[in-house]
């Protein structure tokens, strides 16, 4: 396919590279042009503007937050104004349900297709084409986007014909990951204060009842104290918890654990941890316990 890709951060660069490897004609745009150099060397075509990245059959956006998506998609000469009728916008950003709903209507009014397709996986999974994609949109739109989604991920889960459902699923998943990080941090603080080696404990857990990748990945990061450089920056995790709470507010679903995690991020920021990986909230329990974090 002839596709544009907008947003070449930690996740987007790997995703765009896998589109190239799959044989797609890719035009790339990033606010900081230097981020595109490696992709251009690999065969991508540079775009001087957002509009120039929207001249093909599809455009994928992978941006940090709702404000960035609103600016890129809804701004003057943005995606919605530049994408031709019948083309598809695939939004892989983790954004709020309300914004996804707004994008759905905007693209429909312009005669464009829209697929919400946020992803699960850290930058190393993005680079390896091993993301899990959560997609939602009408059948024709999802069918158009499928070759692109196949290139960036190991499996695509189509959860609904309503795009915002994919964003709700993604936010709920990030809430679960944050809950795992917090609980791992608390458990590690308990056993470490009792004299148990942190890494030995994680090896025991992940070789028995807790063998899921989320425990292996984040258990290792917390046990080693490996929070920099950030694969997923703490402010983005905090943003996602805020979006989870906004969705819960709209649906009248109490999420008491989300409130606790929200405050853990504030504590991390108060201690100067805003540049760390979001897994750094897992070190707070050790600090609360009066022991040295790993």
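Data for the structure
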quantity: Residue count for region 1-55, restricted to those that are part of a helix (DSSP H, G or I), farther than 21 Å from residue 130 by Cα and within 23 Å of the chain's Cα centre (by Cα); calculated: 7
quantity: Criterion (touching a helix residue (DSSP H, G or I) at 6+ places or on another chain (Cβ under 8 Å) and surrounded by fewer than 18 Cβ atoms within 10 Å (Cβ to Cβ)) met by exactly one of 203, 164, 186; calculated: 186
quantity: Residue 56, sole failed condition from (1) in contact with a strand residue (DSSP E or B) (Cβ under 6 Å, 6 or more places away or on another chain); (2) surrounded by fewer than 24 Cβ atoms within 10 Å (Cβ to Cβ); (3) under 18 Å from residue 148 (Cβ atoms); (4) without any contact (Cβ under 8 Å) to a residue 40 or more places away in the chain; calculated: (4)
quantity: Candidates 162, 158, 180, filtered to the one that is without any contact (Cβ under 8 Å) to a residue 24 or more places away in the chain and either outside any helix (DSSP H, G or I) or assigned by TED's automatic domain parsing to the domain that holds residue 213 (or both); calculated: 158
quantity: Wholly enclosed strands (runs of 3 or more DSSP E) of region 68-138 bearing at least 2 residues within 17 Å of residue 174 (Cα to Cα) and under 18 Å from the mean Cα position of the chain (by Cα); calculated: 131-136
quantity: Any hit, region 15-30, residues being surrounded by fewer than 18 Cβ atoms within 10 Å (Cβ to Cβ) and closer than 25 Å to residue 164 by Cα; calculated: no
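The values are calculated or read from the model by the stated rules, or taken from the named source; none is laboratory data. Fair warning: this is a prediction, and the values are worked out from it, not measured in the lab. Here the Cβ is made from the backbone with ideal geometry for all residues, glycine too, and neighbour counts use every protein chain on show.
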